[in-house]
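Everything on this sheet refers to the single structure shown next.
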Amino acid sequence: MYPPPLWLMIAFVIAVYLAAYGPGRLLCRLAGLRLGSAQERLGVACAVGLVILGWVGYLAAMNSQPWLATGFGWLAIGLGAGMVVWDLTRGREACDLQRSQRLVFVLAVLVGLLFTAAMNWGQIRYLDDGSLAGRFVWPDLLYRNAVLSSLMDCAGRPDWPWLAGVPMKGMSLLRFTALLPVMKALGISSNYYQVAALWLGLFGVPVAACCALALYRALGATAAVAATATLLTAFLGNPRWLLNDRFAHSPALHWAGTDIFAVAVPVLLTMLALLVLAVRERQKGAIWLSLLMLVSGLGHVPWLGLAVYVAMPLWLVICLIRRQDVGLAATLTAGALLGIVVLKLFMGTGTGGGSPLAAIGPSPTIRALSWAFPFLSEPLSPLLANPSATSALKLLKFLAVYPIAVIFYLLGSLWVRSLVLLAAHRFPWRRLAQPEYLLGLCLVTGGVLLSAVVDFNKLAYQGAQYDVLRVLWPALLLANLGLAYLLVENWTWLRRRWGLLLLLVLVFYGSWENAQLSLWCRVGLPVSIVSADEMAALRYLDQHASPRDIVLIDPRYQPTPGRFPQIEHLGHNWGYVSGLLNARIWLDNEDMARKFGQGELWDARYAELRRATDGGEAGMRRLLKEDDIRWIIAQGGRRLESYGLSEVFREGEVRVYVPRQ
């Protein structure tokens with residue numbers, strides 16, 4: 001409700017580093033994991049530690065044990081400090097990166113932080129009149145803040161933020177609960193999370209860069225190639241024009257610059273790195289840690305890691321055919337399958353999901369390319385329901401066009417990475433016979449299959465097809481490595497007269513989308529305002545309502561439009577009440593409810609609210625009693641005394657009521 005002090009945010013970032021590094025580094029040492037540089041050890045240790053923090057926070061939240069989160073948070077912070085002292089004194093290990101390679105790596109971190117700062121700096125502002133303003137990342141943070149505040153209450157399975165009393169399923173809660181022990185240990189209120197989430201970029205971006213370096217080194221790349229690939233990952237983007245003006249979520253480091261992505265991106269990159277190490281070097285420590293990451297992965301990276309869970313069975317099939325590495329492949333595949341079971345049993349799918357068989361078919365991701373291939377918009381159900389020669393010809397045409405659209409989609413997603421195709425004849429294709437490259441090939445195949453032949457709107461929630469664009473992240477990371485190999489190992493490209501021009505084109509087109517995104521979030525979106533009157537009411541409730549109290553507010557109230565086109569008062573489309581108030585909201589956030597499959601339930605509850613208001617005092621009293629509603633917020637100067645309510649707070653046109661005794 002109030003801006004957090006600067007010292008607390010700095011302490012929060014330091015505490016996250018220590019709390020993640022401590023248990024992660026200790027586990028890596030006990031497992032005997034061997035890595036080549038201090039940067040790789042830092043990244044992998046922090047990512048493994050985040051997984052541990054996530055599980056402890058999850059257990060504390062679900063079993064109503066806040067002491068567990070607080071105690072382990074302080075233990076992890078202390079352990080982190082101890083491991084840092086150990087590494088600087090008795091536990092020193094060699095670092096095989098040369099100075100020039102370290103400089104390239106540092107440049108990658110700086111580029112990632114630059115994009116992050118451009119997108120996040122000043123996005124949330126507490127204004128002098130008591131109002132709250134935000135843009136771009138803020139709506140998502142409102143929703144995530146509501147989830148985290150429910151978890152921090154440690155009162156068992158949380159409600160959906162917009163439907164009090166309806167238990168929340170899924171949402172891959174481990175990426176939320178990874179932050180819970182640190183926030184509990186430092187006594188940081190969930191109301192500070194929106195600002196704290198932006199500060200997490202100082203943790204997420206450097207750690208993600210370290211994890212990316214570890215992945216590229218695990219694939220056998222030289223230090224120079226790995227550092228260059230990490231730099232490319234810092235700025236390479238995807239074309240916005242590809243899918244209906246939607247950004248294609250290229251795995252640039254700035255994605256690790258905000259809240260749960262600061263957890264998810266390092267976990268994904270480390271899971272990939274450990275899998276490759278397990279396959280390439282047969283390190284026992286890497287195998288055991290890979291199993292830990294696979295079992296926990298979907299709880300942290302629900303979309304980013306999907307290709308991994310398809311790739312492991314594919315790799316097992318290849319190993320069975322080749323009669324090599326069968327035992328290792330079977331072990332890792334079992335870990336991946338167990339990860340799916342863990343997601344279903346402990347967290348669920350988010351909406352209950354649909355039938356996997358019903359979701360197999362032409363993907364909306366590819367059908368969205370109908371602007372380039374009009375025939376892709378042809379509905380197939382009528383053709384299959386009425387067999388005829390004409391239908392057969394149309395189906396044949398669809399089957400011919402669809403693979404072409406998939407190739408178009410892949411080349412568009414690869415964007416400037418397609419430059420590697422110009423030197424395809426120089427690439428050592430014999431490497432694909434090596435187990436780690438076969439695994440990489442399975443990752444690419446898994447991403448393509450998921451994005452091309454699965455309709456995730458039927459499996460997850462409405463709008464999931466936008467999120468599923470992220471399943472190509474592993475493939476894009478491998479493409480970054482291929483491009484880095486081309487630039488470093490084939491220096492003749494750069495010695496030619498047009499070499500510098502090639503690099504300039506690469507940087508321009510590769511970074512243009514991220515630069516455009518930064519500019520868009522700074523000036524392209526209107527500033528959304530929660531008015532001073534509304535914030536005053538929320539602050540009053542924050543002081544008087546308990547986290548388990550239920551608050552009622554009209555979820556379809558629309559404030560008067562602002563006088564300036566770049567400033568708009570925020571309504572409930574993003575559920576700012578559930579996102580700011582640490583209490584349970586009876587009904588809020590209609591858009592998100594529909595996205596996550598609660599549309600019918602939301603409509604039914606709103607109809608119940610209308611019946612109660614139409615029923616006068618008797619109807620309202622019945623509603624408040626049956627659903628144990630203790631607080632009512634009235635906006636726009638609305639008076640509710642006639643419903644048997646007593647006013648307890650007023651600020652401007654906003655009032656807070658309680659049921660009259």
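The values are calculated or read from the model by the stated rules, or taken from the named source; none is laboratory data. A quick note: this is a predicted structure, and the numbers were derived from the prediction, not measured. As a convention, Cβ positions derive from the backbone with ideal geometry for all residues, glycine included, and neighbour counts pool all protein chains shown. These accessible areas exclude ligands, DNA and RNA; they are computed on the full protein's heavy atoms, side chains included. Shrake-Rupley method; radii C 1.70, N 1.55, O 1.52, S 1.80 Å.
Among the residues of the range 255-270, write down those that are assigned to a helix (DSSP H, G or I) and touching a residue at least 60 places away in the same chain (Cβ under 8 Å).
Narrowing the range 255-270 to residues assigned to a helix (DSSP H, G or I): 255-257, 261-270.
If the condition is that a residue be assigned to a helix (DSSP H, G or I) and touching a residue at least 60 places away in the same chain (Cβ under 8 Å), then 256, 257, 262, 263, 264, 265, 266, 267, 268, 269, 270 are the ones that fit.
Using the structure shown, decide if residue 322 is free of Cβ contacts under 8 Å to residues at least 12 places away in the same chain and more than 27 Å from the chain's Cα centre (by Cα).
Yes, satisfied.
Checking the condition open to solvent by 40 Å² or more (accessible area, probe 1.4 Å) and assigned to a helix (DSSP H, G or I), which residue from 420, 406 passes?
Checking each option against the conditions leaves just 420.
How many residues does the range 37-64 hold that are over 22 Å from the mean Cα position of the chain (by Cα) and open to solvent by 10 Å² or more (accessible area, probe 1.4 Å)?
5
Yes or no: residue 218 open to solvent by less than 10 Å² (accessible area, probe 1.4 Å), touching an Asp or Glu at 6+ places or on another chain (Cβ under 9 Å), farther than 30 Å from residue 281 by Cα and at pLDDT below 95?
no
Are any residues in the range 480-500 open to solvent by less than 30 Å² (accessible area, probe 1.4 Å) and modelled with pLDDT of 75 or more, and if so, which ones?
Matches in the range 480-500: 480, 481, 482, 483, 484, 486, 487, 488.
Quick one: which of 282, 322 is open to solvent by 10 Å² or more (accessible area, probe 1.4 Å) and either on the phi > 0 side of the Ramachandran plot or touching a Gly at 6+ places or on another chain (Cβ under 6 Å) (or both)?
282
Test residue 330 against the criterion of being under 16 Å from residue 446 (Cα atoms) and either open to solvent by less than 70 Å² (accessible area, probe 1.4 Å) or in contact (Cβ under 8 Å) with a residue 40 or more places away in the chain (or both), and give yes or no.
So residue 330 does not fit the description; no.
So, in the range 501-539, of the ones that are buried (at least 19 other Cβ atoms within 10 Å of the Cβ), of a type in the set (A, V, I, L, M, F, W, C) and over 12 Å from residue 132 (Cβ atoms), which residue ends up nearest to the chain's Cα centre (by Cα)?
Top of the filtered list is 517.
This table checks each residue for (1) outside any helix (DSSP H, G or I); (2) crowded, with 23+ Cβ neighbours inside 10 Å; (3) charged (D, E, K, R).
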| site | (1), (2), (3) |
| --- | --- |
| 396 | no, no, no |
| 412 | no, no, no |
| 415 | no, no, no |
| 431 | no, no, yes |
| 440 | no, yes, no |
| 447 | no, yes, no |
| 459 | yes, no, no |
| 472 | no, yes, no |
| 478 | no, no, no |
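It is to be established whether one or more residues within the range 540-547 are surrounded by 15 or more Cβ atoms within 10 Å (Cβ to Cβ) and part of a loop (DSSP other than H, G, I, E, B).
Yes, that holds for at least one residue.
All but one of (1) more than 26 Å from residue 552 (Cα to Cα); (2) part of a helix (DSSP H, G or I) hold for residue 136; which doesn't?
(2)
I'm trying to understand the selection: among the residues of the range 112-162, which are closer than 26 Å to residue 70 by Cβ, in contact with a helix residue (DSSP H, G or I) (Cβ under 7 Å, 6 or more places away or on another chain) and among the polar types (S, T, N, Q)?
145, 149
Please verify whether the range 278-292 includes one or more residues that are part of a helix (DSSP H, G or I), under 28 Å from residue 461 (Cα atoms) and hydrophobic (A, V, I, L, M, F, W, C).
Yes, the range 278-292 contains a residue that is part of a helix (DSSP H, G or I), under 28 Å from residue 461 (Cα atoms) and hydrophobic (A, V, I, L, M, F, W, C).
Would you check if there is a residue in the range 372-387 being in a loop (DSSP other than H, G, I, E, B) and surrounded by fewer than 10 Cβ atoms within 10 Å (Cβ to Cβ)?
Of the residues in the range 372-387, the ones in a loop (DSSP other than H, G, I, E, B) are 372-373, 378-380, 386-387.
Now restrict to residues that are surrounded by fewer than 10 Cβ atoms within 10 Å (Cβ to Cβ): 379, 386.
Within the range 372-387, one or more residues are in a loop (DSSP other than H, G, I, E, B) and surrounded by fewer than 10 Cβ atoms within 10 Å (Cβ to Cβ).
Is the range 640-657 home to any residue that is open to solvent by 60 Å² or more (accessible area, probe 1.4 Å), touching a residue at least 60 places away in the same chain (Cβ under 8 Å), under 24 Å from residue 535 (Cα atoms) and under 39 Å from the mean Cα position of the chain (by Cα)?
The answer is yes, given that some residue of the range 640-657 is open to solvent by 60 Å² or more (accessible area, probe 1.4 Å), touching a residue at least 60 places away in the same chain (Cβ under 8 Å), under 24 Å from residue 535 (Cα atoms) and under 39 Å from the mean Cα position of the chain (by Cα).
What's the number of the condition residue 564 fails, among (1) part of a loop (DSSP other than H, G, I, E, B); (2) at pLDDT 85 or above; (3) exposed (fewer than 15 other Cβ atoms within 10 Å of the Cβ)?
Here residue 564 meets the rest and fails (2).
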